[in-house]
Amino acid sequence: MITIATVADIITSARYDLRDFGGQKFDDDQLVDYMNRIVALLDELLITKQSDFTMTSADVTLSSGEYVATSPTRSNLVVALFYGTEKIIKEPLSDVMYRYQINNEGSVTGKPRYWAYNNNNLLFNVEADDDYTLKAHYHVKTATLDSSSNMPYNDWFNNYLREALVVMASKARDDKVVSVDMQFYELFKRIVDSAVVGRNFIPKTNKLDF
């Protein structure tokens, strides 16, 4: 079985570079907070690049008589919605609201066919005539980490996250402004670009002519 590193493992490793072997300079809560801020930035970049690291799926329920459903927990971007094998078409919010207005004035209910974002909700073109379980494919933000949490992304970016943690803690120790966005954005962007391109590469298959 593959063992995934925990946040505590990364913090322990970072303490060696920080010369904080016994934890007198930094407590775990402080370093965990830094790790969460760093991971949040990496999440944003991975989602922007439509990375498979942040892609997942879950069921969304549109209840009978409703035309609004709540987005999946911690979802950042819903890529597609399906009812069985039928894809629910995404449209601009104004178009879906207009479709709903027409249906609502005519007291029409039915199966949802169109959807749009409305704040953190998913808005549909019609009030449901039954409970509908929809499958959402979406990008998810990492849950808030604590020291016992497994590191995200299956350990792919642990070294970079560890180095970022060391830099942030060092700046805090020297009473310097700790700005995770500006400090690591360009570095993480290069890392993410490389990872996404490599994982999305599909080699051409050889075909034999007969």
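The table below lists the values:
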{"quantity": "Sole exception among (1) hydroxyl-bearing (Ser, Thr, Tyr); (2) modelled with pLDDT under 95; (3) loosely packed, with under 13 Cβ neighbours inside 10 Å for Ser64, by number", "calculated": "(2)"}
{"quantity": "Val180, sole failed condition from (1) farther than 30 Å from Tyr83 by Cβ; (2) crowded, with 16+ Cβ neighbours inside 10 Å; (3) at pLDDT 70 or above", "calculated": "(3)"}
{"quantity": "Qualifying residue in the range 97-107 (condition: among the charged types (D, E, K, R) and surrounded by 15 or more Cβ atoms within 10 Å (Cβ to Cβ))", "calculated": "yes"}
{"quantity": "Where a residue in the range 36-55 is under 10 Å from Tyr153 (Cα atoms) and hydroxyl-bearing (Ser, Thr, Tyr) and its partner, wherever it lies, is modelled with pLDDT of 90 or more and assigned to a helix (DSSP H, G or I), with Cβ under 7 Å and at least six apart", "calculated": "Thr54/Asp43; Thr54/Leu46; Thr54/Ile47"}
{"quantity": "Qualifying residue in the range 46-57 (condition: surrounded by fewer than 14 Cβ atoms within 10 Å (Cβ to Cβ), of a type in the set (A, V, I, L, M) and either assigned by TED's automatic domain parsing to the domain that holds Phe184 or not in a helix (DSSP H, G or I) (or both))", "calculated": "no"}
{"quantity": "The range 108-117, subset of a type outside the set (A, V, I, L, M) and buried (at least 16 other Cβ atoms within 10 Å of the Cβ), residue nearest to Gly65 (Cα to Cα)", "calculated": "Pro112"}
{"quantity": "Condition check for Ser75: closer than 25 Å to Tyr185 by Cβ and among the polar types (S, T, N, Q)", "calculated": "yes"}
{"quantity": "Strands (runs of 3 or more DSSP E) within the range 63-135 that include 1 or more residues out of contact with any Cys (no Cβ under 8 Å at 6 or more places or on another chain) and of a type in the set (Val, Ile, Thr)", "calculated": "68-70, 75-83, 86-90"}
{"quantity": "Among residues of the range 152-164, those that are over 17 Å from Thr56 (Cβ atoms) and not in a helix (DSSP H, G or I), counted", "calculated": "1"}
{"quantity": "Contacts under 6 angstrom Cβ, first residue in the range 98-122 being modelled with pLDDT under 95, partner among the charged types (D, E, K, R) and surrounded by 14 or more Cβ atoms within 10 Å (Cβ to Cβ), 6 or more apart", "calculated": "Thr109/Glu127"}
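The values are calculated or read from the model by the stated rules, or taken from the named source; none is laboratory data. All figures in this text were calculated on a predicted structure; none of them were measured in a lab. Methodologically, a virtual Cβ is constructed for each residue, glycine included, from the backbone with ideal geometry; neighbour enumeration extends over all protein chains shown.
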